[in-house]
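Engineer: A single structure is presented below for examination.
Readers should treat all values here as calculations from the given coordinates under stated rules, not as data from a laboratory. Just so it is clear, the structure is predicted and the values come from calculations on it, not from any experiment. Counting neighbours? That spans all protein chains shown, and the Cβs are built from the backbone with ideal geometry, glycine included.
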Amino acid sequence: MRYHGLFTLLMILLLCAPGFALETNDLLIESERPEAVVSLERILEEGRALVRVADADNNPILGLTEADFSVTKFGRKARITQVESFAENIDVPRHIVMILDNSDSMRQRNAVQPLLAAMDELLKIVRPIDQVHLVVFADRDPQRMGGRDLHVRIFSSNNPIELKNFVNQVFLGRLTVNTFLYEAMLAGLDIIGRMPADEPKFMVVFSDGEDLNSRYSRNDVTRAMQDLDRFETYAVDFMPGPAVDPFLKSFAARGGGKIWKAEDGTALIPIFQDVASKLQYNYVVSYMFPLEGRLAVSPTELTIEEIKTIDASPLLGHIYFAEGSSEIPQRYHRFDQQVATVLFEEQSLRGTLEKYEYVLDIIGKRLRDNPQATLTLVGTNADFGEEKGRQDLSMLRAIEVRNYLQYIWNVDPARIQVEARNLPEKPSSSRIEEGRADNRRVEIHSDHPAILDLVRSTYTSHRFDNTALIVRPLIDSFYDIADWQIRVTGGGEMLAELKGERALEEFYRLPLQVDNPGRVGTAGNIEVSMQIRDSKEQELLLDSEPVRVRYIQTSQLLAQRLDYRVQERYALILFDFDHHSIDPRNQQIVNEIATRIRDLPQADVEIVGHTDNIGSEAYNQQLSERRAKAVYDLIRNAAPDSAARIQHRGAGMIDPPYDNQSPETRAFNRTVTITLEYLARQ
């Protein structure tokens, strides 16, 4: 099929390679050369095609480069990575079968020397990876091939010198008396049938067209051709006179090739040179469909609001220890010398866990400020395994805490009483390691309410209207995804990162971890990027549209005489394991909160009950609801007019304030949080 100018060939299913069927469907190969006729011969492998390029007269076009080809599939344009002619290619073998008429008629017509010279020209194109099979007639000793006895000799090699020597031996020696053209062609077709289906195959017949002695007919040759995979056929008719042998012409046409007419020996060299050029006008086109896509992120705008936070955190009077140890763990802050304690102020601490980190220093400072207060330190153990019955270990733990308060905070040891027992008075479950870790502790008790009172502080916190981004990678890839990485940055810091391998999901949810919200807010944008690598080692870097950050600052609102948001946080009620009752000390605190609620009629109030992760989800959900309801009932009774502004719920173990990875975080999760939120101008 030929087209003048821009040529496009739509390749149908490749008969000889079912595994490449999808590759060939809708694959379009084009050339910008106006004289070019492009034929897609076959797909060699994914991303490599064998094409033939000729002009309108079927003459080969040589010297083409990457710029002369384009490849598209499903309307998508590929990137041409390499174009090699057969002369340049070193990894696509070419299989050539040559049928040479070596009957005595060649001598009679003085064609032997011209034929040898012509073969020299043809053999110049043979590469080390090619395989050439020469088939000639034989008067004796037929060979069994394809179930037939054929009068032929066959020589196969990829070495041009060896091939030339064989041809010289045949034509300079004794030529055959008989002609076995059809048997030689059947032998050649048998060789073609045993060649790799996905590699280029050519069959060239040189003969005067006569067959006087074969046991088989031209019909047998035609039928044998029909059973074979695709290959190219060429013929050189050496009969005298201008007429072309119809059978050889038909043979060449069936394989999409050409027939040449040589009336005498002088025409053989140019004809064989032309044959050689025909075998050279194939190109191996390597191509790759680029990795393309875009990144969609939602929301497209994010609000960060400064909130004046009045934080009242409970002071957990427990110091937890490692199994079998009486050494205070490194996670508790401790000063090295007394002079360093002078500037310590608990009001500078933010958040419940930071305050707990300084629990020993908070108690030391309060004992210094309240010289009449006394402490009781009760050391306990897990009463399990190596700690079974180890009250001596419990005592050592209590003494370790006393020593820090005595020698660093200068607390009179007479004010500190130490005791020891095995399990705590109200232990956690000893059946699991988490419960046993909770029981390895020193409990701090005081006769003075100020020692274990709330830790209060005021600071600016930040609220995000969305705490996560939804990232949708809209990727168009012809190949498998190897790996990928999503990065979210803002204000010079990494806010989220996610990596993965293989197929992409429709979307990813990336929670934001923001260390410095003010810096992110001031920056004004959050950047989202994604790097993707496919199985072809192609990389694609995508940047989404920046997520705009709307930053609401308290200072700006005050300057404009606008209300700013205030949040009062109370995480007051630390319950014992598996309990929801409120002790008298916490009831007094709840009454103070109720008074605060009455004083702030514009405040919305939320009460949330929580649990640790010990026990079943269903049970903990009910326990958290009972805890929230107990606090709600107390506040409603103390502030009945405010009931409509108060919401309460239980969060169970699903959404804990802290991660449940340590005894203290599990203790802080056995809580009820009370949040008051309102707008103010002062």
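Engineer: Treating cross-link reach as a plain straight distance, find the lysines whose alpha-carbon is under 26 Å from the alpha-carbon of LYS499, omitting any fewer than eight places away in the same chain.
Structural biologist: Straight-distance partners of LYS499: LYS536.
Engineer: Turning to a different aspect of this structure: Alpha carbon centre of the range 530-552 versus the range 633-666: separation in Å?
Structural biologist: Taking the Cα centre of each part, the range 530-552 and the range 633-666 sit 40 Å apart.
Engineer: Can you tell me the 0 to 90 degree angle between the C-alpha axis of helix 160-172 and the longest principal axis of the chain, rounded to 10?
Structural biologist: With rounding to tens, the tilt is 20 degrees.
Engineer: Here's a follow-up. Filter the trypsin sites (Lys or Arg not before Pro) in the range 575-682 to those in DSSP coil with at most 15 other Cβ atoms within 10 Å of their Cβ, and list the result.
Structural biologist: Numbers: sites: ARG585, ARG596, ARG598, ARG626, ARG627, LYS629, ARG636, ARG645, ARG649, ARG666, ARG670, ARG681; in loops: ARG670, ARG681.
The qualifying sites are ARG681.
Engineer: Would you order TYR678, TYR508, TYR356 from fewest to most other beta-carbon atoms within 10 Å of each residue's own beta-carbon? Can you show the working numbers first?
Structural biologist: Working: TYR678 15, TYR508 18, TYR356 25.
The order, fewest Cβ neighbours first, is TYR678, TYR508, TYR356.
Engineer: If you average the sequence gap of Cα pairs under 8 Å that are 6 or more apart and divide by the length of the range 95-279, what percent do you get for the contact order? Can you show the working numbers first?
Structural biologist: Values: 346 pairs, mean separation 48.1, N = 185.
Once normalised by length, the contact order is 26 percent.
Engineer: List, in the order given, every pair from LYS77/LYS278; LYS388/LYS426; LYS124/LYS261; LYS365/LYS629; LYS164/LYS249 whose Cα-Cα distance in the structure shown is over 25 Å. Mind showing how you got there, number by number?
Structural biologist: Values: LYS77/LYS278 29 Å; LYS388/LYS426 17 Å; LYS124/LYS261 22 Å; LYS365/LYS629 35 Å; LYS164/LYS249 27 Å.
With Cα atoms farther than 25 Å apart: LYS77/LYS278; LYS365/LYS629; LYS164/LYS249.
Engineer: Give, rounded to the nearest 20 debye, the magnitude of the charge dipole that the range 563-680 has about its Cα centre when Lys and Arg contribute +1 at Cβ and Asp and Glu contribute -1 at Cβ.
Structural biologist: Values: 13 positive and 18 negative charges, 44 e Å.
Charge dipole of the range 563-680: 220 debye, to the nearest 20.
Engineer: Shifting gears a bit: Summing -39500 (n - 2.57) over the DSSP H runs of n ≥ 4 in the chain and dividing by its residue number, what mean residue ellipticity at 222 nm do you reach, to the nearest 500 deg cm²/dmol? Intermediate values should be presented prior to the final figure.
Structural biologist: Working: 17 runs with 176 residues, N = 682.
It lands at -7500 deg cm²/dmol.
Engineer: Rounded to the nearest 5, what is the percent of antiparallel bridges among the DSSP beta bridges in the chain?
Structural biologist: Working: 107 of 149 bridges.
About 70 percent, rounded to the nearest 5.
Engineer: Taking the Cα atoms only, what angle lies between the long axis of helix 359-369 and the longest principal axis of the chain, rounded to 10 degrees?
Structural biologist: The helix 359-369 is inclined about 20 degrees to the chain.
Engineer: Based on other C-beta atoms within 10 Å, arrange ILE444, ILE607, ILE269 from fewest to most.
Structural biologist: Details: ILE444 23, ILE607 26, ILE269 18.
Least crowded to most crowded, the residues run ILE269, ILE444, ILE607.
Engineer: In sequence order, what are the phi-derived ³J(HN,Hα) couplings for the range 432-444 according to the Karplus relation 6.51 cos²θ - 1.76 cosθ + 1.60 with θ = phi - 60°, rounded to whole Hz, with x for glycine and proline?
Structural biologist: Using θ = phi - 60°, the values come out as 10, 5, 4, x, 5, 5, 4, 7, 8, 7, 10, 8, 10 Hz.
Engineer: Let me ask you something else. Taking Rg/Rh (Cα atoms, Kirkwood Rh) as the quantity of interest, determine which of (1) 1.38; (2) 1.34; (3) 1.22 was computed from the displayed structure.
Structural biologist: From the options (1) 1.38; (2) 1.34; (3) 1.22, the structure gives (2).
Engineer: Dipole of the chain, Cα-centred, from +1 at each Lys and Arg C-beta and -1 at each Asp and Glu C-beta, to the nearest 20 debye? Could the numbers behind the result be given before it?
Structural biologist: On the way: 78 positive and 102 negative charges, 156 e Å.
Dipole size: approximately 740 debye.
Engineer: I'd like the FRET efficiency for ARG140 and THR222, computed as 1/(1 + (r/R0)^6) with the beta carbon distance as r and R0 of 30 Å, rounded to 0.05.
Structural biologist: Numbers: r = 28 Å, r/R0 = 0.92.
That pair, ARG140 with THR222, gives E of 0.60.
Engineer: Tell me, what ³J(HN,Hα) does each residue in the range 486-502 have, in order and in whole Hz, if you take phi through Karplus 6.51 cos²θ - 1.76 cosθ + 1.60 with θ = phi - 60° and put x for Gly and Pro?
Structural biologist: Result, rounded to whole Hz: 10, 10, 10, 10, x, x, x, 10, 7, 9, 6, 8, 9, 10, x, 10, 6.
Engineer: Output the relative contact order of the range 315-453, whole-number percent, from Cα pairs under 8 angstrom with separation of 6+ residues.
Structural biologist: This gives 35 percent for the range 315-453.
Engineer: For the range 297-388, state which trypsin sites (Lys or Arg not before Pro) are in a DSSP loop and have at most 13 other beta carbons lying within 10 Å of their beta carbon.
Structural biologist: On the way: sites: LYS308, ARG331, ARG334, ARG350, LYS355, LYS365, ARG366, ARG368, LYS388; in loops: ARG331, ARG334, ARG350, LYS388.
Filter output for the range 297-388: ARG331, ARG334, LYS388.
Engineer: Mind checking the range 18-116 for GluC sites (Glu not before Pro) that DSSP puts in a loop (not H, G, I, E or B) and that have at most 11 other Cβ atoms within 10 Å?
Structural biologist: On the way: sites: GLU23, GLU30, GLU32, GLU35, GLU41, GLU45, GLU46, GLU66, GLU84, GLU88; in loops: GLU32, GLU35, GLU46, GLU88.
Answer in residue order: GLU88.
Engineer: Same structure again: Quick one: length gained pulling LYS499 to THR266 fully straight, 0.36 nm per residue minus the C-alpha distance? Intermediate results must be reported in sequence, preceding the final value.
Structural biologist: Working: separation 233, 0.36 × 233 = 83.88 nm, distance 7.14 nm.
Using 0.36 nm per residue and subtracting the Cα-Cα distance, I get 76.7 nm.
Engineer: With angles folded into 0 to 90 degrees, how steeply does helix 584-599 sit against the dominant principal axis of the chain? Use alpha carbons for both and round to 10.
Structural biologist: Its long axis makes an angle of about 80 degrees.
Engineer: Can you put SER446, SER616 in order, fewest other beta carbons within 10 Å first?
Structural biologist: Numbers: SER446 19, SER616 10.
Ordered by Cβ neighbours within 10 Å, fewest first: SER616, SER446.
Engineer: Over the chain, what relative contact order in percent results from Cα pairs under 8 Å that are six or more residues apart?
Structural biologist: Working: 1464 pairs, mean separation 75.0, N = 682.
Result for the chain is 11 percent.
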